[in-house]
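Okay, so here's the structure we're looking at.
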Amino acid sequence: MPNPEVVFSIHNQINGKNYIVAEGQRFEKLPDKSTPQVSFKNLPKGVTIKRVEITLNETASTEYSDPWRFGGDQAITPMFPDDYLLVATAYTQKEGGHPFLSAKRRFSVGTKTADPKPDPKPDPKPDPKPDVPKPPDGIVQKLRVKGVCCYASDDINAAIPILRDCGFTATRWWMTAFGDPAEKSGRAQVLAWMNQGVKEIVITATPAVNQSKPPSILKVKEWAKSFRDVYEGSGLNAVQVINECNLTIGSRTVYWAGSIPQAADECAAVADVLHGSGIAVIAPSISKNVAAFKQLHDTGIHLKCRAMSIHPYGANAIENISTVKQCSEITGDQELVCTEYGMHSGSFNGWRAEIAKAFEGVKPYLSRIFCYRLIANTQPAGRFGVMSDRAMKVRNKETYETWKALKV
């Protein structure tokens with residue numbers, strides 16, 4: 001029986017095409033919307049791969065499902081002209097265990113560079129003072145606000161000391177009842193948090209998950225009127241209409257059952273109702289995809305909103321910064337915000353090193369960042385939350401000090 005093998009490729013996220021990577025191969029150019037991928041052949045009967053650790057040069061990503069793509073199923077990892085070392089180590093256990101199969105490929109993009117990249121260390125430790133990307137000439141830092149994602153219902157007495165210690169001056173709340181009348185208790189919640197020193201509050205309103213279709217424009221306008229009645233004059237800074245309107249898992253939409261133009265139409269309806277209320281409107285957020293961001297911007301919704309919004313995520317600083325920079329080029333002088341900011345990284349060591357570089361690198365392009373998230377969960381980015389437990393008594397020892405060290 002042939003020996004098991006690792007197959008390396010570059011996956012084009014737009015057309016689904018895979019470019020097989022041979023040892024020492026040189027690509028003149030790779031698609032912008034692509035990421036490294038590995039697959040396996042000749043696996044013995046009964047053997048199932050459950051975890052793959054993929055390293056691209058010094059950046060690591062751990063994946064738990066097929067297709068085994070660096071940074072995740074929908075990741076985009078720009079590969080600029082350089083020499084690369086791609087390493088894959090496969091395990092038959094989700095956690096721990098001994099490697100079942102490991103292989104590596106060296107490849108290059110663009111013109112030849114002087115020296116190949118060294119093999120990465122098995123568990124690289126983050127540089128305590130990572131190299132910080134410098135903003136392009138003539139660009140100054142725009143970032144003014146460092147906030148955090150949480151819920152209005154979170155224990156305010158537990159949360160406020162954490163916010164103060166970490167330098168979070170703003171909060172972003174989720175509201176999953178877009179289309180239904182706004183809860184009257186929301187006004188008191190805004191006032192309570194602001195009385196404790198929170199400077200800005202943004203609410204992201206989105207329909208209930210697993211909706212079958214978007215609410216009608218008439219219902220949206222009725223909701224916006226009830227929202228204005230509750231929050232006008234409360235000090236609420238902004239409302240974002242619809243969370244990640246492009247996000248799908250397989251064929252299933254997550255937050256929004258309509259199209260991107262429909263999301264723009266509903267956001268515009270809310271903006272019309274809230275005009276003159278003192279509550280700014282932020283455009284629907286886009287998850288990672290620059291093409292989807294441009295599609296939303298091309299609807300003209302930016303003319304109705306104070307800011308556009310991108311959730312860049314990604315597996316490493318290069319991807320994260322690249323996504324934000326490209327979106328900034330689309331918005332021009334208009335405000336660009338991240339109502340969720342984090343990273344899908346395989347290991348805590350990798351996350352700490354990459355998030356520090358990324359945060360510094362996006363400062364020239366964003367006015368506000370809301371770190372994801374106050375209380376950790378099991379999602380790819382959520383596990384890097386600030387606190388480990390719902391009661392907020394246990395700091396996430398892997399992340400707390402890193403979030404705290406990120407300065408505006």
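The values are calculated or read from the model by the stated rules, or taken from the named source; none is laboratory data. Fair warning: this is a prediction, and the values are worked out from it, not measured in the lab. Cβ placement follows ideal geometry from the backbone for every residue including glycine, while neighbour counts extend to all protein chains displayed. Surface accessibility is based on the protein's heavy atoms, side chains included, excluding ligands, DNA and RNA. Shrake-Rupley method; radii C 1.70, N 1.55, O 1.52, S 1.80 Å.
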Filtering region 25-43 down to residues that are closer than 18 Å to residue 102 by Cα and open to solvent by less than 60 Å² (accessible area, probe 1.4 Å) yields 36, 37, 38, 39, 40, 42, 43
Condition set open to solvent by less than 20 Å² (accessible area, probe 1.4 Å) and either at pLDDT 90 or above or more than 29 Å from residue 367 (Cα to Cα) (or both), scope region 196-222, selection nearest to the chain's Cα centre (by Cα): answer is 204
Which numbered condition residue 378 misses (of (1) out of contact with any Phe, Trp or Tyr (no Cβ under 9 Å at 6 or more places or on another chain); (2) assigned to a helix (DSSP H, G or I)) | (2)
Residue check: is residue 373 buried (at least 24 other Cβ atoms within 10 Å of the Cβ), assigned to a loop (DSSP other than H, G, I, E, B) and touching a residue at least 12 places away in the same chain (Cβ under 8 Å)?
-> yes
Restricting attention to region 389-408, which residues are under 16 Å from residue 160 (Cα atoms) and either out of contact with any helix residue (DSSP H, G or I) (no Cβ under 6 Å at 6 or more places or on another chain) or of a type outside the set (Lys, Arg) (or both)?
-> 389, 390, 391, 392, 393, 394, 395, 400, 403
Among residues belonging to region 309-349 that are without any contact (Cβ under 8 Å) to a residue 60 or more places away in the chain and among the small types (Gly, Ala, Ser), point out the one that is surrounded by the fewest Cβ atoms within 10 Å (Cβ to Cβ).
-> 332
Which of the residues belonging to region 273-289 are in contact (Cβ under 8 Å) with a residue 40 or more places away in the chain and either out of contact with any strand residue (DSSP E or B) (no Cβ under 7 Å at 6 or more places or on another chain) or hydroxyl-bearing (Ser, Thr, Tyr) (or both)?
-> 273, 277, 278, 285, 287, 289
Residues of region 57-100 being open to solvent by 40 Å² or more (accessible area, probe 1.4 Å) and among the acidic types (Asp, Glu), in sequence order, are 58, 66, 73, 82, 95
Within region 272-291, residues part of a helix (DSSP H, G or I) and surrounded by fewer than 18 Cβ atoms within 10 Å (Cβ to Cβ) come out as 272, 291
Some residue of region 61-73 being modelled with pLDDT of 85 or more and β-branched (Val, Ile, Thr) | no
The correct count of residues that are assigned to a strand (DSSP E or B), within 14 Å of residue 72 (Cα to Cα) and basic (Lys, Arg) in region 1-51 is 1
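If the requirement is being more than 17 Å from residue 338 (Cβ to Cβ), in contact with a Lys or Arg (Cβ under 8 Å, 6 or more places away or on another chain), open to solvent by less than 10 Å² (accessible area, probe 1.4 Å) and part of a helix (DSSP H, G or I), which of these qualifies: 264, 269?
Testing whether each residue is more than 17 Å from residue 338 (Cβ to Cβ), in contact with a Lys or Arg (Cβ under 8 Å, 6 or more places away or on another chain), open to solvent by less than 10 Å² (accessible area, probe 1.4 Å) and part of a helix (DSSP H, G or I) leaves just 269.
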So how many residues does region 381-405 have that are part of a loop (DSSP other than H, G, I, E, B), in contact (Cβ under 8 Å) with a residue 40 or more places away in the chain and surrounded by 19 or more Cβ atoms within 10 Å (Cβ to Cβ)?
-> 4
Search result, residues across region 67-102 that are free of Cβ contacts under 8 Å to residues at least 24 places away in the same chain and closer than 22 Å to residue 30 by Cβ | 73
Report, by residue number, each residue of region 44-56 that is surrounded by 15 or more Cβ atoms within 10 Å (Cβ to Cβ) and either touching a His at 6+ places or on another chain (Cβ under 8 Å) or farther than 14 Å from residue 107 by Cα (or both).
-> 49, 50, 51, 52, 53, 54
Within region 52-91, the residues that are of a type in the set (D, E, K, R), over 24 Å from residue 291 (Cα atoms) and assigned to a loop (DSSP other than H, G, I, E, B) are 58, 66
Filtering region 293-308 down to residues that are touching a residue at least 40 places away in the same chain (Cβ under 8 Å) and either open to solvent by less than 10 Å² (accessible area, probe 1.4 Å) or β-branched (Val, Ile, Thr) (or both) yields 296, 307
What is the one condition in (1) surrounded by fewer than 16 Cβ atoms within 10 Å (Cβ to Cβ); (2) at positive phi that residue 20 does not satisfy?
-> (2)
Within region 150-164, of all residues that are of a type in the set (D, E, K, R) and within 21 Å of residue 175 (Cα to Cα), the one least open to solvent (accessible area, probe 1.4 Å) is 154
Among the residues of region 247-294 satisfying the criterion of being within 23 Å of the chain's Cα centre (by Cα) and of a type in the set (D, E, K, R), which is nearest to residue 12 (Cα to Cα)?
-> 288
